Each structure stands twice: as structure tokens, then as C-alpha cells.
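Bear in mind these aren't lab numbers, they're just calculated from the coordinates by the rules spelled out. These numbers were taken from a predicted model, which means no experiment stands behind them. Methodologically, a virtual Cβ is constructed for each residue, glycine included, from the backbone with ideal geometry; neighbour enumeration extends over all protein chains shown.
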Amino acid sequence: MSEDFEKALEIGRPPNVAKLFPNSKALIVSGKFIDSAMIAKGNALTMAANGRNHFIIRGALQAAQRANSVIIIEIARSEGGADAYCAINYWNIARQVDAICNELGITIPVAIHADHYGIKKEEDLEGAKIEIPTLFEAGMTSIAIDASHMPDDKNLLANIELYPFVPKWAGLETEVGEIKGKTGLSTVNEALFLIQGLNAHDIFPDWIALNNGTTHGIEESDQGIQVELTSEIHEALSKYKVSGAQHGTSGNNSDRLRAIAAKTRTTKANVATALQMISWGLEVNDYGNAILDSDGNFIKIKGEGVTEEIWAEMVTYAESKEIKGGNYKKLNLPFENKLFGQPKEIRERMANRVEEFVYNMLVNIFNAKDSALFAIEAILTTDSYDPGFKADRLENPDEWTRDKIIKRAAMI
């Protein structure tokens, strides 16, 4: 291990991580350092690899080490919250990452992100105030407060109300219109409203996620990410120094993703469904979208991912529960322990297939190669686990009271 890495390990791990893993050699850091590394490299983003199973996390970390790239390992509330459909959850993901990093000698900075902490109605706020601190107690170093299901004023007000429960050093993502889906794409005015309102309250998100043509799960249309819309919104937000978080990356071809890196201020790209399918050994296209046969079924590649016997068992289980298409994600929880019980060569080929896919994306599409150097340099320069905020307050708090927020939202 280099002297710089050792020094970064000593000062760069936030208090929750240092307390949980006092003897660890895993450089688990604030999401802020991941964002700053991609900004420093320029026209670059890294993967936020969705760890729906252990083998995805393992493969993603192997790939990042090989590419000398920073990486984010994340899980969403629907996947790993109180009603989880994955064995990996908000409260054990940091332990898995730490253990794998120590076992494999991973020496690149890693952030652990609570993705899509969903607030769907105002009644969800009180429970969130209790639960969010527990995520950081369990080792999270970044969070996405996702109140985008609600109208613009309630989205903003929910973010303001929950912000005191997020450590100031932690990475922070906010979302606008991200789940609106068929009701329309995000607009410049919606994004400005959210970021300006947060700014007035001394809240400076590292990332904003948009509904810019994303889809979650298996891509069913060719609309895909709208690069020009994304660029336009990012430019409008430029003085607030917020980066983009790209959701729904699975299902978008390499050229479109390269354009997101080159033409927008995106520094984080979520990849979920693709990694799950790849770990299982399913046939996917060049951007990770599962290929279906003429009957609409997934195609299992012999000798890749899980064994043919386990795959047959998974399909039988899915049929018995009437699980189809994108809902195959619900197989993660019932099959995790069975996969751990497979021979070492099977477990390794699951992780290694993920590694190859993630490595290619990091190096050849996201321009993330050697970004670990920028993150370590930032930690050493800051001499702290907290790099501080990128932005300053530009908005007048008196213009963003609760009543004025509600009135402003009505005019969007």
C-alpha cells in the first residue's frame, strides 16, 4: 500500500465508518469525495453499482480496483429497506463492502450510498427522521432523499425537513420529477425551484437526479436518456455547483452514456438491473439490457453465472409466484443463501462476469480510469473526512419561507 493511501485511510474515513471498522484497511469515504474526483478528472462519471447481491458488490469492487477508479456501492429503499426484496440491505451493505475490500486488498476510495430513500407522502416524514440516522450508524456515507413522488413544494419541504438528520460530511442527492414517468420529463424550472429553495436553507446537494428519459428495470422503449435536456438543466443550475446523478442507466447504449459524460455535469451513474442479470449469467446486449427469446423469456448462457440447475429452480420459483420480466429482481432474497452454497468456481464466475462489464463501463464509457488518484489527493489536501460544500448560499432565505415556497410552486 502506498504512503498516500495509508495517510488517506488514517484521515479520510468518516466517524461512523472508523467506529464500525476500527482496524479496517478499506477506504470507505464520503460520497462528496467521489463527486469531487470526477469533477477534477473532467467529463467523467463513475458507477453507482447497485448491490442487489453479494456477487455484484464483489465484481464491482474488483473492477474499480483494476481500473484504479473510485466507485459507489448502493442499495435503494425498495430493495434494501424495511420491506426489502434483497438480502443486501441498508444496514448490512457497509459491512459487506468493508469485508470484501479487506479480503481482496481493495485500495480505491468507495462510497456507500442509500439510494432512493423514498418519501411518497407527508406521513412518511416522521418515520424517516427515526430511520435515516440508523443508516449512517450502520456505515452509509451518502444518501438520496427522494421525495419526487410528491408535488414540487412538498418535495422541497420534505428535503428541508429531513436534512438535519443527514451528517453534514455525507454525500447528498436530491431528485426532481424522477419518478413522474409518463406525466412528463423534468424541466429547468422544476430543477431550479428545488435547488434554489435548498440553497436558501443552506442545503447544497452534491447531486440532482432528473426524469430525463430514464427508465428503471428492463428498457421497453427506445426513448432513453435525453442528453440535450440534461445538459440544459445542468447549465441552468451551474452556479449552484450541483452535479448530475444519472438513473436508469441500464438500457441506454454506450454512445448515449458517453455523451452524458462528455456533454453534461453528471458524475454518478446508477446501474442496477444490468448487474443483476449479468451475475446470474443471462444474455445481455452491449449495454446490459437482458435479451429475450421469441417467447419473451430470459436466455441463460450455459457455463456463465449461476448453474443451469439453479437457474431452472429460479425460473420455476418465478412461475409459481407469477413473477415476470423486471420483477425477477424479487428472486434476490430467496436465492442469496443458495448462491453462497454453490462451489467456489460458480461464485467466482458470477463476480467475474460483473467485473468485466463494470470495468468496461468505467474505462471505455464513463472515463473513470485512474479517478482514485483525484479522490485520494482531495482527502490529503483537505486533511479531513469532510471536504465541505462545493457551493455557497446565493438565495435569500426570506424569499423561501414555507408560505412562499407553496406560492412559488403553484406558478411552475
**Request:** State all residues of segment 389-409 that are in a helix (DSSP H, G or I), surrounded by fewer than 16 Cβ atoms within 10 Å (Cβ to Cβ) and in contact (Cβ under 8 Å) with a residue 12 or more places away in the chain; if no residue qualifies, say none.
**Result:** Pro397, Glu399, Arg402, Ile406
**Message:** I need a count of the residues in segment 271-330 that are of a type in the set (A, V, I, L, M, F, W, C), within 28 Å of Arg256 (Cβ to Cβ) and not in a helix (DSSP H, G or I).
**Reply:** 10
**Request:** From Phe357, Phe335, grab the single residue that is in contact (Cβ under 8 Å) with a residue 40 or more places away in the chain, buried (at least 16 other Cβ atoms within 10 Å of the Cβ), part of a helix (DSSP H, G or I) and of a type outside the set (A, V, I, L, M).
**Result:** Phe357
**Prompt:** Is segment 305-313 home to any residue that is charged (D, E, K, R) and touching a residue at least 60 places away in the same chain (Cβ under 8 Å)?
**Reply:** no
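Please verify whether Ala368 is of a type in the set (Gly, Ala, Ser), surrounded by fewer than 17 Cβ atoms within 10 Å (Cβ to Cβ) and either over 24 Å from Lys263 (Cβ atoms) or in contact with a Ser or Thr (Cβ under 7 Å, 6 or more places away or on another chain) (or both), treating the condition exactly as stated.
no
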**Item:** Scan of segment 287-302 for residues that are free of Cβ contacts under 8 Å to residues at least 40 places away in the same chain and out of contact with any Asp or Glu (no Cβ under 6 Å at 6 or more places or on another chain), ordered by number
**Value:** Tyr287, Leu292, Asp293, Ser294, Asp295, Gly296, Asn297, Phe298, Lys300, Lys302
**Prompt:** Can you tell me which residue in segment 61-104 is nearest to the chain's Cα centre (by Cα), limited to those that are farther than 24 Å from Asn327 by Cα and without any contact (Cβ under 8 Å) to a residue 12 or more places away in the chain?
**Reply:** Ala99
**Item:** Number of the exception - Glu345 against (1) part of a helix (DSSP H, G or I); (2) touching a residue at least 40 places away in the same chain (Cβ under 8 Å); (3) among the charged types (D, E, K, R); (4) over 25 Å from Ala84 (Cα atoms)
**Value:** (2)
**Request:** Those residues that are surrounded by 15 or more Cβ atoms within 10 Å (Cβ to Cβ) and assigned to a helix (DSSP H, G or I), I need them from segment 99-109; list them, please.
**Result:** Ala99, Ile100, Cys101
